[in-house]
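The values are calculated or read from the model by the stated rules, or taken from the named source; none is laboratory data. None of these values were measured; they are calculated from a predicted model. All Cβ positions, glycine included, derive from the backbone under ideal geometry; neighbour counts span all protein chains shown. Accessible surface is based on the protein model in full, side chains and every heavy atom, while ligands, DNA and RNA are left aside. Shrake-Rupley method; radii C 1.70, N 1.55, O 1.52, S 1.80 Å.
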Amino acid sequence: MHALGTALSAQDARCGVTLDLRAQAAQYEPALPPVGDHNRPAALHTWRGRMVNESGSAAVFEGLAEQFRALEMPAEARTCLEFAAEERHHGVLCGAVVQALGGEATAAGRVNPDYPLHPEVAPLEALVRNLLHISCLSETIAVALIGAEREEMPEGALRALLTRIWADECGHANFGWRTLPKLLALDPTLAGRMGPWLQVAFADVERHELEHLPSSDASPDAEGAALGLCSGPHARGILYATLEQVVVPALEAQGMPARQAWERRSEAALG
């Protein structure tokens, strides 16, 4: 899921179109044990939200594909289109869980922000900005959060479904970290001047993740954990540990002033 992505295009949202994955999701519904009424609403909220965010992430990878194509990097463009297809399928899988919980795999349309093209900088720098935001930040965080959630689940159909999503997200994050050095090598000065933009990216990712992480401070019971529920403090701890102990050092290793940008992100958020 990405801070850049939501479920539907702006045009569809203005027309009142809903995300409707009922037909596709029906064939993937996992067999779940009986779910108590105390956990069902939170589980439905969690999986429907994930359905929306995963579906919307397809457009983000399609935007990356166009940027790679413009820089005559067709292999990377094809990979991003494959990722877009995977994100759409993730939306269907999450919708299947919604329906297995007794809900419907539908959600109201909402406005999709324009994909940022960063016309104020050269195409290479614009691509690096979006690759960082999407793969190196958002997808790395998703890997950590989903991985922790998966570890709390017992073996079964729901864990297998989440493992499928998690494995794809690992590939999306790895692509970003593998590709970033190749792009930076095309402009030796690029890494050093990424600081101001990284402040913006860190602030945006932090805001987006905090808005979507669980608000409850209560730890889920065994049934809730098996459904993928977690407490807000635990999820927030994973978020900040991932950013501070994984993402920032990895960007620093690429020559970016990431530590300073992270520490100064509030200035970008206020600006």
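Remarks
- Centre-to-centre separation between the Cα atoms of segment 127-164 and those of segment 85-125: 15 Å.
- Build a GNM of the chain with springs between Cα atoms under 10 Å apart, and of GLU29, GLU252, GLU206 the one that fluctuates most is GLU252.
- With the simple spin-label model, which puts each label point 7 Å out from Cα in the Cβ direction, the GLU120 to THR189 separation comes to 1.8 nm.
- Per-residue [θ]222 nm for the chain (sum of -39500 (n - 2.57) over DSSP H runs n ≥ 4, rounded to 500): -20000 deg cm²/dmol
- If R0 is taken as 25 Å, the Cβ-Cβ distance between ASP221 and ALA241 corresponds to a FRET efficiency of 0.55.
- Contact order normalised by residue count of segment 43-123, Cα under 8 Å, 6+ apart, percent: 39 percent
- Euclidean distance of C-alpha centroids, segment 39-54 and segment 200-258, integer Å: 17 Å
- Radius ratio Rg over Rh of segment 110-267, counting only Cα atoms, Kirkwood formula for Rh: 1.01
- Judged by the mean number of other Cβ atoms found within 10 Å, the most tightly packed of the peptides 144-157, 56-69 leads the ranking 56-69, 144-157.
- Each peptide in 226-232, 121-127, 182-188 gets a packing score, the mean of other Cβ atoms within 10 Å over its residues, and the list from highest to lowest is 226-232, 121-127, 182-188.
- Taking a quarter of the surface of the Cα convex hull of segment 37-145 gives a mean projected area of 7.7 nm².
- Dipole magnitude (debye, nearest 20) for the chain, charges at Cβ of Lys, Arg, Asp, Glu: 220 debye
- Over all pairs of different C-alpha atoms, segment 192-256 has a mean inverse distance whose reciprocal, the Kirkwood radius, equals 13.5 Å.
- For the chain, alpha-carbon Rg and Dmax in angstrom: 18.6, 57
- Remark: segment 42-130 carries a charge dipole of roughly 340 debye about the Cα centre, counting +1 on each Lys and Arg Cβ and -1 on each Asp and Glu Cβ.
- Structure remark: mean-square fluctuation, Gaussian network model of the chain, C-alpha springs under 10 Å; the largest value among SER55, SER135, SER215 belongs to SER215.
- Overall form of segment 105-167 per C-alpha gyration tensor (a/c, 1.5; a/b vs b/c): oblate
- Heavy-atom accessible surface of segment 90-244: percent carbon and sulfur, 1.4 Å: 58 percent
- Residue-normalised accessible area of the chain, given per residue in Å² at a 1.4 Å probe: 44 Å²
- Across the options ALA96, ALA75, PRO116, the greatest Cα extent toward the positive end of the charge dipole of segment 51-144 (unit charges at beta carbon of Lys, Arg, Asp, Glu) belongs to ALA96.
- Simple label model, 7 Å out from Cα along Cβ direction - GLU72 to HIS45, nm: 5.2 nm
- Among HIS38, HIS234, HIS133, the residue with the largest mean-square fluctuation in a Gaussian network model of the chain, with springs joining Cα atoms closer than 10 Å, is HIS38.
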